[in-house]
Amino acid sequence: MGAEVVIEGLTKSFGRQTIWRDVSLTLPPGEVSAMLGPSGTGKSVFLKSMIGLLKPDRGRCVVNGVDIVTCSEAKLYEVRKLFGVLFQDGALFGSMNLYDNVAFPLREHTKKSESEIKRIVLEKLDLTGLAGAETKLPGEISGGMRKRAGLARALVLDPQIILCDEPDSGLDPVRTAYLSQLLIDLNAQIDATILIVTHNINLARTVPDNLGMLFRKELVMFGPREVLLTSDAPVVEQFLNGRRLGPIGMSEEKDATQMALEQAHIEAGHSDGTVGEDLRGVVPQIAPTPGLPEREAVRRRKDRVMQILRTLPPVAQQGILDSLTDEDRRRYGITSGQAPLSARPALPRRGERPSPAPRPGYGGDMSATQEIAAVPDAPGRRA
Amino acid sequence: MTTGLAKGDFPGAGALRETGRLFALALDVLVNIFRKPFQVREFIQQCWFIASVTILPTALVAIPFGAIIALQLGTLIVQLGAQSFTGAASVLAIIQQAAPLVTALLVAGAGGSAICADIGSRTIREEIDAMEVLGVSPVQRLIVPRVLASMLVAVLLNGLVSVVGVMGGYFFNVVLQGGTPGAYLASFSALAQLPDLWISELKALIFGFIAGVVAAYRGLNPKGGPKGVGDAVNQAVVITFLLLFFVNFVLTAVYLQVVPAKGS
């Protein structure tokens with residue numbers, strides 16, 4: 001199972017400009033989370049602070065019991081081996097071809113033979129649809145391919161935590177859909193904790209288990225996907241629907257006059273930038289490709305969410321209850337789609353609970369885990 | 001952890017901070033030199049690269065440099081009536097001062113600028129970040145081989161400049177100024193001594209280190225985008241030159257105090 005990431009009171013500023021302050025959230029182990037936010041709200045900065053590339057002014061970011069903000073450099077490099085990071089532009093090494101790029105982490109951190117490396121690299125390149133492009137240099141391929149190659153490189157060490165900085169930017173809708181499916185499939189296979197930073201609404205609605213949003217230097221909310229998807233907060237509503245009307249402006253914030261003016265325009269019949277349907281509401285999540293194992297995270301998350309169900313807004317509660325199957329209802333003792341009367345703690349199925357305790361015995365040796373990410377390539381099983 | 005107070009805003013704080021970070025990188029490089037695994041391949045490639053861009057210009061600069069020293073000293077020494085020491089004086093001047101400086105200027109100008117541009121473009125393409133995230137220290141992986149390469153090349157080039165410079169001096173003294181070949185060669189050992197050669201190589205080694213570290217430092221911290229890389233290269237060369245002359249002054253002063261001149 002992937003590692004848990006606990007972030008407490010993280011604050012970052014460049015000079016006098018505060019980027020965001022007091023961001024606290026927990027990425028539940030093994031679950032897929034997404035961070036939304038308008039451009040320029042510091043989503044990438046947030047990601048970079050999480051892996052210690054930027055030093056936050058205050059706060060803690062604890063991965064496997066190690067606080068990334070204050071730990072020593074040697075420790076930091078050790079912790080980073082748990083991460084697979086996909087940068088916005090792929091961040092491939094320009095002097096190496098795709099094969100060497102993807103092989104780089106293996107050659108640095110493992111003692112695998114060259115033939116074994118070749119097998120793993122080709123498998124990851126195949127997974128990201130780059131088979132046959134091994135000898136190309138990063139300068140010779142399109143942005144979308146660079147992005148996918150970056151993902152292949154991030155996956156090669158079978159990370160416990162995968163961070164994706166806008167995996168969809170520069171990709172067409174079809175490739176984005178494939179990428180979304182790939183992330184879910186990965187999560188099903190290696191049970192890694194995944195954080196996606198994005199402003200693609202479709203991806204945000206269908207992929208993650210948990211959703212958060214950064215706006216006006218603050219974390220507006222972070223929680224189960226149903227909470228944000230059903231939220232009434234103006235900023236969330238505006239963002240999900242991609243509307244001009246609302247607190248988000250072309251520049252970071254909007255003043256009252258501008259809002260009034262826009263409101264007047266809308267009332268006069270001018271379009272607000274949408275086609276009129278409300279995109280909020282809980283839509284079904286993407287499931288792993290048939291033939292792959294079920295996502296363990298789904299069950300863990302259900303247990304977790306049912307425990308905190310009472311604390312969630314009523315609309316979100318309803319959304320969660322509506323998404324339960326009959327089997328779930330029996331398990332959690334719910335009848336007819338109503339919230340349980342007693343705040344009954346959910347019972348985990350196999351005594352397995354998300355544990356914040358550090359995972360012992362990780363020393364960079366991936367030999368025991370490399371089989372997990374194997375993708376079934378028999379086409380018959382997918383039918 | 002920095003708070004509002006710790007961010008000093010007194011005049012010159014920025015310069016002090018930059019200096020501190022430059023020294024921090026220099027220390028990092030020194031520590032990482034001894035950390036395994038050593039990047040042999042990168043080191044050899046960088047040595048080859050720096051040598052290939054510096055050998056020819058260095059040799060071409062060394063000949064006229066030896067010549068001007070010979071000519072200048074030649075006339076001066078004739079006026080003083082010490083013709084027999086022409087060889088000694090030019091050997092001292094070339095080996096102790098000219099050779100390490102010429103070497104360092106070219107290593108910084110040709111090699112350092114290329115290192116800085118290379119590292120700088122990698123930084124803005126987030127390659128350095130990516131490398132750190134992959135758990136590989138860019139200092140160990142990229143910077144150490146480059147700094148060591150510029151040190152090694154500086155030391156070797158220093159030998160080349162010394163030989164070429166002395167030969168140039170000999171040529172101009174003997175052929176153009178009518179000096180006696182025998183006296184020129186014989187006076188070599190009259191004033192010059194072995195420590196002069198050591199300090200020369202030591203200077204070259206230190207200058208090579210400075211050139212490499214400054215280039216890497218500016219390359220790792222470009223300000224904003226591709227234009228920042230251009231500015232960084234420019235600054236790297238200028239900063240290196242300033243540091244070179246200052247460090248050269250310090251080393252010379254210390255050397256002259258520590259090692260007594262021959263015959264005194």
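So in segment B:10-37, with the set limited to residues that are over 17 Å from B:Arg218 (Cβ atoms) and modelled with pLDDT under 85, which one is surrounded by the fewest Cβ atoms within 10 Å (Cβ to Cβ)?
Step by step, filter segment B:10-37, then rank; the result is B:Lys36.
Counting just the residues of segment B:52-66 that are touching a residue at least 24 places away in the same chain (Cβ under 8 Å) and surrounded by fewer than 20 Cβ atoms within 10 Å (Cβ to Cβ), which one comes out farthest from B:Leu157 (Cα to Cα)?
So the residue we want is B:Pro64.
Can you name the condition, by its number, that A:Leu127 falls short on among (1) within 14 Å of chain B (Cβ to nearest Cβ); (2) at pLDDT below 85?
(1)
If a residue has to be over 28 Å from A:Glu237 (Cβ atoms) and in contact with a Ser or Thr (Cβ under 8 Å, 6 or more places away or on another chain) to count, how many in segment A:6-57 make the cut?
The number of residues fulfilling the criteria is 7.
Given (1) farther than 20 Å from B:Met131 by Cα; (2) more than 23 Å from the chain's Cα centre (by Cα); (3) buried (at least 17 other Cβ atoms within 10 Å of the Cβ); (4) of a type in the set (Gly, Ala, Ser), where does A:Ala103 come up short, assuming only one miss?
Against the list (1) farther than 20 Å from B:Met131 by Cα; (2) more than 23 Å from the chain's Cα centre (by Cα); (3) buried (at least 17 other Cβ atoms within 10 Å of the Cβ); (4) of a type in the set (Gly, Ala, Ser), A:Ala103 comes up short only on (1).
I'm trying to understand the selection: among the residues of segment B:100-122, which are surrounded by fewer than 20 Cβ atoms within 10 Å (Cβ to Cβ) and either closer than 29 Å to A:Pro159 by Cα or within 12 Å of another protein chain (Cβ to nearest Cβ) (or both)?
Selection gives B:Ser121 alone.
Return the residues of segment A:130-140 that are within 14 Å of chain B (Cβ to nearest Cβ) and surrounded by 17 or more Cβ atoms within 10 Å (Cβ to Cβ); say none if nothing qualifies.
Hit for segment A:130-140 is A:Pro138, nothing else.
For segment B:148-226, which fully contained helices (runs of 4 or more DSSP H) count at least 3 residues that are crowded, with 19+ Cβ neighbours inside 10 Å?
B:194-220
Which count do you get for residues in segment B:137-147 that are assigned to a helix (DSSP H, G or I) and either within 14 Å of chain A (Cβ to nearest Cβ) or surrounded by fewer than 18 Cβ atoms within 10 Å (Cβ to Cβ) (or both)?
7
Within segment A:140-169, how many residues are within 17 Å of A:Leu47 (Cβ to Cβ) and either of a type in the set (D, E, K, R) or in a loop (DSSP other than H, G, I, E, B) (or both)?
Final tally of qualifying residues: 9.
Among the strands (runs of 3 or more DSSP E) lying completely within segment A:1-42, list those that include at least 3 residues that are free of Cβ contacts under 8 Å to residues at least 60 places away in the same chain and within 17 Å of A:Asp57 (Cβ to Cβ). Step through it out loud before you land on a result.
Working: elements: A:5-14, A:17-27, A:32-36.
Answer list for segment A:1-42: A:5-14.
Take segment A:83-113 and flag every residue that is more than 8 Å from every other protein chain (Cβ to nearest Cβ) and outside any loop (DSSP other than H, G, I, E, B).
Those that are more than 8 Å from every other protein chain (Cβ to nearest Cβ) and outside any loop (DSSP other than H, G, I, E, B): A:Gly84, A:Leu86, A:Leu98, A:Tyr99, A:Asp100, A:Asn101, A:Val102, A:Ala103, A:Leu106, A:Arg107.
Which one of the conditions (1) more than 13 Å from chain B (Cβ to nearest Cβ); (2) modelled with pLDDT of 85 or more; (3) in contact with a helix residue (DSSP H, G or I) (Cβ under 8 Å, 6 or more places away or on another chain); (4) under 29 Å from A:Ile248 (Cα atoms) does A:Pro38 fail to meet, given that it meets all the rest?
The failed condition is (2).
Which of the strands (runs of 3 or more DSSP E) found entirely inside segment A:190-240 contain at least 1 residues meeting this: over 12 Å from the mean Cα position of the chain (by Cα) and either closer than 20 Å to A:Ser44 by Cα or charged (D, E, K, R) (or both)?
Per the criteria, A:210-215, A:218-224.
With respect to B:Ala24, is the statement that it is among the aliphatic types (A, V, I, L, M) and within 14 Å of chain A (Cβ to nearest Cβ) true?
In short, yes.
Looking only at segment A:54-63, which residues are surrounded by 21 or more Cβ atoms within 10 Å (Cβ to Cβ) and assigned to a loop (DSSP other than H, G, I, E, B)?
Across segment A:54-63, the qualifying residue is only A:Pro56.
Quick check on A:Leu76: is it in contact (Cβ under 8 Å) with a residue 12 or more places away in the chain and more than 9 Å from chain B (Cβ to nearest Cβ)?
no
If you go through segment B:123-136 one residue at a time, how many are facing chain A (nearest Cβ under 7 Å) and part of a helix (DSSP H, G or I)? It would help to see each step written out before you state the result.
Keep residues of segment B:123-136 that are facing chain A (nearest Cβ under 7 Å), which gives B:125-127, B:129-130, B:132-136.
With part of a helix (DSSP H, G or I) added as a condition, the list becomes B:127, B:129-130, B:132-133.
Residues meeting the conditions: 5.
The values are calculated or read from the model by the stated rules, or taken from the named source; none is laboratory data. From a predicted model like this one, the values you see are computed outputs, not experimental measurements. Counting neighbours? That spans all protein chains shown, and the Cβs are built from the backbone with ideal geometry, glycine included.
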